[in-house]
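Trainee: Sharing a structure, written as structure tokens. Questions coming.
The values are calculated or read from the model by the stated rules, or taken from the named source; none is laboratory data. Every value quoted in this text rests on a predicted model; they were computed, and no experiment measured them. Cβ sites come from the backbone with ideal geometry, for glycine too, and all protein chains shown count toward neighbours. The area values use the complete protein model at the heavy-atom level, side chains included, leaving out ligands, DNA and RNA. Shrake-Rupley method; radii C 1.70, N 1.55, O 1.52, S 1.80 Å.
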Amino acid sequence: MLAWISVHDHVVGGKLRELAKEIGCSQKEALGILVSLWLWGLNNADRTGKLRSCDKYDIAEEVLSKGITPGLEPERIADILIQQHWIDAEEDGSLYLHDWDTWQAQWYKFLRTKEYDAERKRIERDKKKAEAKKEPIEKEIADI
């Protein structure tokens with residue numbers, strides 16, 4: 001199964017321009033940084049966007065250390081993402097991908113449907129197995 005993220009056209013605007021200017025990169029590179037963060041978030045955030053066992057240094061190392069323009073500092077980019085609220089920082093140190101539950105709702109709906117379908121199919125298989133075991137017993141009783 002391939003995972004996906006939703007990238008809405010709302011992301012291209014003033015907030016993205018501010019991010020690019022603060023980082024010192026193009027808007028396309030800033031968008032690439034965000035997409036990399038969000039793809040990484042699929043495996044590292046819960047449904048609310050809370051990043052599990054993660055701090056800004058993990059983000060810098062895991063998301064921002066490869067594929068960016070030489071001279072850009074991953075830890076500085078992580079700080080900027082937090083300052084501009086692409087990542088929300090709570091007082092207890094928890095980090096959340098901003099509005100993750102809203103923007104990635106389609107992904108989590110897909111996962112819920114997949115889980116539901118798998119459970120429904122398991123129940124059907126179990127029912128068929130139980131019926132198959134019951135038939136020989138009923139035949140033996142009828143033969144008596």
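Trainee: Which residue is nearest to the chain's Cα centre (by Cα), if the candidates are limited to segment 95-128 and must be exposed (fewer than 14 other Cβ atoms within 10 Å of the Cβ) and hydroxyl-bearing (Ser, Thr, Tyr)?
Mentor: Here the answer is TYR108.
Trainee: Ok, one more. Name every residue in segment 7-41 that is touching a residue at least 60 places away in the same chain (Cβ under 8 Å), hydrophobic (A, V, I, L, M, F, W, C) and either loosely packed, with under 13 Cβ neighbours inside 10 Å or more than 20 Å from TYR96 (Cβ to Cβ) (or both), in order of residue number.
Mentor: none
Trainee: Output the residue which, of all residues in segment 52-86 that are among the acidic types (Asp, Glu) and outside any helix (DSSP H, G or I), is least open to solvent (accessible area, probe 1.4 Å).
Mentor: ASP55
Trainee: Just give me the residues in segment 53-93 being over 14 Å from GLY41 (Cβ atoms) and among the polar types (S, T, N, Q), in sequence order.
Mentor: SER65, THR69, GLN83, GLN84
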